[in-house]
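To start, the structure itself, in C-alpha cells.
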Amino acid sequence: MDAVHQGQLKAGQVATLEPVPVGGWVSQPVSLSTDQRMPELSRQSPFGSPEVWARLWDVGQRCLTRLNPHLAGLTLAPMEPVEWRSSDGLAIEGRFLTPPDGRVAECLSLVVDIQGRPSAVWGPTFHTSWHDGRHELAGAGCAVPLPNTRRSTECGAAFTAANRSDLGGSDASDLLSGAEWCVAQGVTNPDRLGVGGWSYSGFLTAWLIRHTDRVRAAICGAAVTKLVSTAGSNDVRRLDENRFPGPLHKQLDVS
C-alpha cells in the first residue's frame, strides 16, 4: 500500500482516488502534484457547479475552489434518469429536468435538448452555462428531456456505432419517441414541442424540422447542414467519415 499512497501504481493495482459526488460526475484528467502524493480533479453534480478537489492518498478530500458562490441557496430544477423505447424497441436512456416549483401536473412546454458531437452523452452534470442552459429552461417553466440517443457513449460500443450510415434516421426516431414518452406521462402536449442543439445536434435539429411537422420551435446552433462540405473543410475528417462506409465526396446522396 505504500506504493499506492505514493502514487506509484503498478499494472493490476487499483486505488480509489476520489469518490464521485452522490448522483454526480468526476471529470478527467486527474492531475498529480510534483511529488505524486496529491491527485487533483474536477467534480460536479446536477446541483453543484464544477469545483477543483484535491487529497493526499491517505488523507480526506477537500474542495479548493468556490467558483459560483451566488448559487448558494438557489433552488435548481430536479433531474432524474429516465428510459423509454424507440420506434424499433431499443431502450433509450436520458435525463429529465422539470421546473423547480414542482409544476409537473400541468401540460408544460417541452424542449428536447439534443446532445452534440456524434458520440456525446448527457451525464449527471451541472447543466447551466452560456451553452448548457437546461436549468434556465426548466426555471422558466419548461420540461427538458436530455436524451442519450444511439450514438452516445453511455451504453457500449455497439450502441455508439448504431447510427452509422443512418445519421438523422434512427437517432432522430429516438428523439421523437422520447418526446412521445413525455406526452404519455402527461407532462406536455404535442402542440408545445421545441428542440435545439449545437454542432451535430444542430444538424439533427435541422433534420427534424425538415422531416416532421411536430416541432413548433427550434434553435439550430452551429449546425452541420452539408456533411461533405464539413468533412472536406475541417481537421477531423476521419471522425466525420467514420460514420459512413467510405469517403463522403463519393457518397453525395447521403451528405
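Couple of notes before you dig in:
- Among the conditions (1) in a strand (DSSP E or B); (2) closer than 29 Å to residue 228 by Cα, the only one that residue 155 does not satisfy is (1).
- Some residue of the stretch 86-101 being closer than 24 Å to residue 236 by Cα, surrounded by 17 or more Cβ atoms within 10 Å (Cβ to Cβ) and in contact (Cβ under 8 Å) with a residue 12 or more places away in the chain: no
- Qualifying residue in the stretch 134-141 (condition: exposed (fewer than 15 other Cβ atoms within 10 Å of the Cβ) and at pLDDT below 85): no
- Meets criteria (in a loop (DSSP other than H, G, I, E, B), within 25 Å of residue 246 (Cα to Cα) and either over 17 Å from the mean Cα position of the chain (by Cα) or not basic (Lys, Arg) (or both)) for residue 223: yes
- Looking across the stretch 187-211, just one residue is in a loop (DSSP other than H, G, I, E, B) and open to solvent by 30 Å² or more (accessible area, probe 1.4 Å), and that is 199.
- Residue in the stretch 44-58 that is of a type outside the set (Phe, Trp, Tyr), assigned to a loop (DSSP other than H, G, I, E, B) and modelled with pLDDT under 75 present: yes
- Selected residue (criterion: farthest from residue 42 (Cα to Cα)) from residues of the stretch 72-85 that are open to solvent by less than 40 Å² (accessible area, probe 1.4 Å) and not in a loop (DSSP other than H, G, I, E, B): 84
- Cβ pairs under 8 Å, 6+ apart, first in the stretch 210-227 and farther than 12 Å from residue 114 by Cβ and free of Cβ contacts under 8 Å to residues at least 60 places away in the same chain, second charged (D, E, K, R) and not in a strand (DSSP E or B): none
- Residue count for the stretch 220-249, restricted to those that are surrounded by fewer than 16 Cβ atoms within 10 Å (Cβ to Cβ) and either in contact with a helix residue (DSSP H, G or I) (Cβ under 9 Å, 6 or more places away or on another chain) or not acidic (Asp, Glu) (or both): 17
The values are calculated or read from the model by the stated rules, or taken from the named source; none is laboratory data. None of these values were measured; they are calculated from a predicted model. Ideal geometry is used to build each Cβ from the backbone, glycine not excepted, and the neighbour counts take in all protein chains shown. Keep in mind that these areas ignore ligands, DNA and RNA; they rest on the heavy atoms of the full protein, side chains included. Shrake-Rupley method; radii C 1.70, N 1.55, O 1.52, S 1.80 Å.
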